[in-house]
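What follows is a single structure, written as structure tokens, with notes after it.
The values are calculated or read from the model by the stated rules, or taken from the named source; none is laboratory data. As the structure is a computational prediction, the values presented were derived from the model and not from experiment. Positions of Cβ are generated from backbone atoms using ideal geometry, with glycine treated the same way; all protein chains shown enter the neighbour counts.
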Amino acid sequence: ALMDERQVRVVEHRFFAGLTAVETAEIMGLSLPTVERDWRSARAWLARELQPVESS
């Protein structure tokens, strides 16, 4: 599954722009728990996708 657009925007703000979760929530008009949940989900997705592929 892919990340949804909101999660992508949270990653852009948190990782690339260096904003805090509170700043991201304010800019995006979201609640802090929503931003924190999206951030956790996006990080988990990225960790799975960036794992090296094992050869058989």
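Details
- Residue in the range 24-42 that is nearest to GLU5 (Cα to Cα), counting only those that are out of contact with any Lys or Arg (no Cβ under 9 Å at 6 or more places or on another chain) and not aliphatic (A, V, I, L, M): SER41
- Among the residues of the range 4-56, those that are of a type in the set (Gly, Ala, Ser), assigned to a helix (DSSP H, G or I) and loosely packed, with under 12 Cβ neighbours inside 10 Å comprise ALA44, ALA47.
- Residue within the range 11-23 that is modelled with pLDDT of 95 or more and acidic (Asp, Glu) present: yes
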